[in-house]
Ligand code: MN
C-alpha cells in the first residue's frame, strides 16, 4: 500500500462522494484538492447515493459520462466510481490520494457502516491508496456552512499527508457546521455509538397503500468523551482512523476460549 508521507504537489488526487456529481460539497472538496495539486480528477455518482454503504453494482452495466476535463460521472455507487476511476479512467497513472465528500451531514458513530462517503474511502483503501472521507455535520434543517470545510480542509490534508498511516486504515473527518471562528480545534477521536431509534414515518400513499420512509432523526449519545460525536458537539473537527479489519478483538479471544 502507498502510504503518506508524500509530496502533495506531485500527488494525483481523485475526488468522489455519495451526494452526486452536482453536490456543492463535491465542488468544495475538488477546490481544496486543486489548492494542493494541479493533478485533480473528479469521478462521482450521477445520482445521490447517500446510504448506499459499500455496495457494488453487479446486476446491470455501468456507464461513464465525461462532464468536463478530468471530471466524470458514473451511473452507480461511490464504490463503483472509485473502482472505475482507478481501474479504467486513471489505470495508466493511479491516484496517490483519494478524497470523498464533502458529505452533506455527519458520518459519525454507526453512520460509518451506512455511509457511501466513507465507503468510497474504504474502496480506495482496499485498492491500496490512502483515502480520506470528509463530512459536514449539518443538523437537520440547518443551512450548510460550506466556507468552514473550504477553509479547513487544505491544512487537514497537508497534515495527514505528512505523516505515516497504519496499513488498512482510512481517515474519517467530521467537521462541525459552525462558522470558521467558532471551530474549537481538531481532535483525534474514536468512532462513537448512538442509541438506536431511527425515525420511521408510516403513512398511506394516494392509492391507499401503506408506505414507510426512513427518517434522519436519531437519539445521539454525544456525551462520551473521546468520540467523534462528542468532539463535533463541542465544536471540534473529529478525525477518526477507521480500520477495514472489522474483527472484534476481545470477542475473538473469548470465542477461542469456548469453541471446541
Ligand atoms: Mn451523502
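Side notes on the structure shown:
- The set of residues in region 58-107 being within 13 Å of the ligand (Cβ to nearest atom) and part of a loop (DSSP other than H, G, I, E, B) consists of 77, 105, 106, 107.
- The lone exception for residue 47 - which of (1) touching a residue at least 60 places away in the same chain (Cβ under 8 Å); (2) surrounded by fewer than 18 Cβ atoms within 10 Å (Cβ to Cβ); (3) within 14 Å of the ligand (Cβ to nearest atom) it fails: (1)
- Matching residues, region 1-40, being in contact with a helix residue (DSSP H, G or I) (Cβ under 7 Å, 6 or more places away or on another chain), within 16 Å of the ligand (Cβ to nearest atom) and outside any helix (DSSP H, G or I): 15, 16, 17, 18, 19
- Region 41-54, subset under 13 Å from residue 117 (Cα atoms) and in a loop (DSSP other than H, G, I, E, B), residue modelled with the lowest pLDDT: 51
- Residues that are more than 13 Å from residue 232 (Cβ to Cβ) and either modelled with pLDDT under 95 or not in a helix (DSSP H, G or I) (or both), drawn from region 148-187: 162, 163, 164, 165, 166, 167, 168, 169, 170, 171, 179
- Inter-residue pairs, beta-carbon under 8 Å, first modelled with pLDDT under 95 and in region 238-260, second in a helix (DSSP H, G or I), 6+ apart: 244/122; 244/125; 244/126
- Residue that is nearest to residue 152 (Cα to Cα), among those in region 115-134 that are touching a helix residue (DSSP H, G or I) at 6+ places or on another chain (Cβ under 8 Å) and more than 15 Å from the ligand (Cβ to nearest atom): 132
The values are calculated or read from the model by the stated rules, or taken from the named source; none is laboratory data. All figures in this text were calculated on a predicted structure; none of them were measured in a lab. Glycine also receives a Cβ, built like all others from the backbone with ideal geometry; neighbour counts cover every protein chain displayed.
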